[in-house]
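*Asks:* Can you read through this structure? Questions will come right after.
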Amino acid sequence: MADLSVNIGNLHLKNPVMTASGTFGYGLEFADFVNLEDIGGIIVKGTTLHPREGNPYPRMAETPQGMLNCVGLQNKGVDYFCEHIYPQIKDIQTNMIVNVSGSCPEDYAECAARIGELEHIPAIELNISCPNVREGGMAFGVTTQGAEAVVKAVRKAYGKTLIVKLSPNVTDIAEIARSVEAAGADAVSLINTLMGLAIDIEKRRPVLSISTGGLSGPAVKPVALRMVWQVAKAVQIPVVGLGGIMNARDAIEFMLAGASAVEIGTANFIDPAVTVKVAQGINDYLERHGYASVQEIIGKLEA
């Protein structure tokens, strides 16, 4: 086999394939379908300082080549995670990473600090697409000031590997990426979902309970790929690519565009073993082209 290992900050991955938050539960739900320890990293569902009930139903809708969701970060809060979930996942021999969300910088920082005390959680992924309650609901991740404020607050409270997940709903994603790099991020992951709308023409109403939702799946891949390529050229820290990755070919495209690792999301709903298949597919590609290491293809797009 080729050497599939990569590093994201101080985080060492046995292979570059991770799961995207919100699509793989806490990993335990998929244990009957795939060997969790064959995955490079598992990013568990979004966790907040306080419990959240999420949005009313319906909160998922199928769209052409994708899906919309407005789940609303439903979770039982960081203390529940630490007391009940962590003991069940701490001995899984891969990188267990927690996605952290919040409504103000202080909430983000406190949530991150509590997770930072857990020995077997080596990294967090910061979801800066959350609404800033102090600024009229505008997402932190759509301005450099908002993104910097959250990352700086978390960086002061959290000493392990910090991955910042970027929103695509911006004018210049490279500018946002540079701002979080300057604020202390060890890596960036992108893209989070694109905002979309589905309409029931018989009822003349939105399909989703809160009207809009996040679009994911194959439909977003060209946008995600373009943004990863732009960001990889703009920052010095590692880039994790995600958005519509359904197979090894998709993953390799992201790596050629500059991603050191990838996350797989919507595809998990179709094939719960897709992560391991993608890692094997990357290996097959490397062997077919005579590469000894996955490092040899990262950022090698000739454009």
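*Asks:* Any residue at all in region 247-268 that is surrounded by fewer than 24 Cβ atoms within 10 Å (Cβ to Cβ) and among the aromatic types (Phe, Trp, Tyr)?
*Replies:* Within region 247-268, none of the residues are surrounded by fewer than 24 Cβ atoms within 10 Å (Cβ to Cβ) and among the aromatic types (Phe, Trp, Tyr).
*Asks:* While we're here: Can you confirm whether Asp186 is acidic (Asp, Glu) and touching a residue at least 40 places away in the same chain (Cβ under 8 Å)?
*Replies:* So Asp186 fits the description; yes.
*Asks:* Enumerate the pairs (first residue in region 34-63 and more than 18 Å from Ser5 (Cβ to Cβ) and touching a residue at least 24 places away in the same chain (Cβ under 8 Å); second residue anywhere and surrounded by fewer than 20 Cβ atoms within 10 Å (Cβ to Cβ) and charged (D, E, K, R)) with beta-carbon separation below 7 Å, excluding pairs fewer than 6 apart on the same chain, so at least 6 apart or on different chains.
*Replies:* Leu49/Glu110; Pro51/Lys76
*Asks:* Further question on the same structure: Taking Lys277, is it within 18 Å of Asn7 (Cβ to Cβ) and of a type in the set (D, E, K, R)?
*Replies:* Against the criterion (within 18 Å of Asn7 (Cβ to Cβ) and of a type in the set (D, E, K, R)), Lys277 does not qualify.
*Asks:* Pick from Val207, Val240: which is buried (at least 20 other Cβ atoms within 10 Å of the Cβ), among the β-branched types (Val, Ile, Thr), touching a residue at least 24 places away in the same chain (Cβ under 8 Å) and touching a strand residue (DSSP E or B) at 6+ places or on another chain (Cβ under 8 Å)?
*Replies:* The conditions single out Val240.
*Asks:* Please determine whether any residue of region 56-72 is in a helix (DSSP H, G or I) and surrounded by fewer than 21 Cβ atoms within 10 Å (Cβ to Cβ).
*Replies:* Within region 56-72, none of the residues are in a helix (DSSP H, G or I) and surrounded by fewer than 21 Cβ atoms within 10 Å (Cβ to Cβ).
*Asks:* Please return the ranges of strands (runs of 3 or more DSSP E) entirely within region 197-303 where 2 or more residues are more than 30 Å from Glu53 (Cβ to Cβ) and at pLDDT 95 or above.
*Replies:* 239-241, 261-264
*Asks:* Sticking with this one: Can you tell me which of (1) surrounded by 20 or more Cβ atoms within 10 Å (Cβ to Cβ); (2) outside any strand (DSSP E or B) is the one Ile124 doesn't meet?
*Replies:* Of everything listed in (1) surrounded by 20 or more Cβ atoms within 10 Å (Cβ to Cβ); (2) outside any strand (DSSP E or B), Ile124 misses just condition (2).
*Asks:* So for region 95-116 (the condition being within 30 Å of Pro222 (Cβ to Cβ), part of a helix (DSSP H, G or I), touching a Lys or Arg at 6+ places or on another chain (Cβ under 8 Å) and of a type in the set (A, V, I, L, M)), does at least one residue qualify?
*Replies:* no
*Asks:* Another question about this same structure. If Cys111 satisfies every condition in (1) more than 26 Å from Val34 (Cβ to Cβ); (2) in contact with a strand residue (DSSP E or B) (Cβ under 7 Å, 6 or more places away or on another chain); (3) surrounded by fewer than 20 Cβ atoms within 10 Å (Cβ to Cβ) but one, which is the exception?
*Replies:* Result: Cys111 passes all but (3).
*Asks:* Take the conditions in contact with a Gly (Cβ under 9 Å, 6 or more places away or on another chain), in contact (Cβ under 8 Å) with a residue 24 or more places away in the chain and among the small types (Gly, Ala, Ser) and apply them to Ala177. Does it pass?
*Replies:* Criteria not met by Ala177.
*Asks:* Ok, one more. From the residues in region 170-184 that are in a loop (DSSP other than H, G, I, E, B) and out of contact with any helix residue (DSSP H, G or I) (no Cβ under 6 Å at 6 or more places or on another chain), which one is surrounded by the most Cβ atoms within 10 Å (Cβ to Cβ)?
*Replies:* It comes out as Asp172.
To keep it simple, each residue is scored yes or no on (1) under 20 Å from the mean Cα position of the chain (by Cα); (2) closer than 30 Å to Met246 by Cβ.
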| position | (1), (2) |
| --- | --- |
| Gln65 | yes, yes |
| Phe81 | yes, yes |
| Gly102 | yes, no |
| Ala109 | yes, no |
| Glu119 | no, no |
| Gly146 | yes, no |
| Val151 | yes, no |
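*Asks:* Hey, among the residues in region 11-46 that are in a strand (DSSP E or B) and not hydrophobic (A, V, I, L, M, F, W, C), which one's farthest from the chain's Cα centre (by Cα)?
*Replies:* Here the answer is His12.
*Asks:* When you go through Cys111, Cys82, Cys104 one by one, which is the residue that is among the hydrophobic types (A, V, I, L, M, F, W, C) and modelled with pLDDT under 95?
*Replies:* The unique qualifying residue is Cys104.
*Asks:* OK, next. Identify, please: which residue in region 40-55 is of a type in the set (D, E, K, R) and over 30 Å from Ala279 (Cα atoms) and is, among those, surrounded by the fewest Cβ atoms within 10 Å (Cβ to Cβ)?
*Replies:* Only one residue fits best here, namely Glu53.
*Asks:* Restricting attention to region 173-211, which residues are in contact with a Pro (Cβ under 9 Å, 6 or more places away or on another chain) and over 30 Å from Lys152 (Cα atoms)?
*Replies:* If the condition is that a residue be in contact with a Pro (Cβ under 9 Å, 6 or more places away or on another chain) and over 30 Å from Lys152 (Cα atoms), then Leu197, Ala198, Ile199, Asp200, Val207, Leu208, Ser209, Ile210 are the ones that fit.
The values are calculated or read from the model by the stated rules, or taken from the named source; none is laboratory data. Remember, predicted model here, so these are calculated numbers, not experimental data. Note that we place each Cβ from the backbone using ideal geometry, even for glycine, and neighbour counts take in every protein chain shown.
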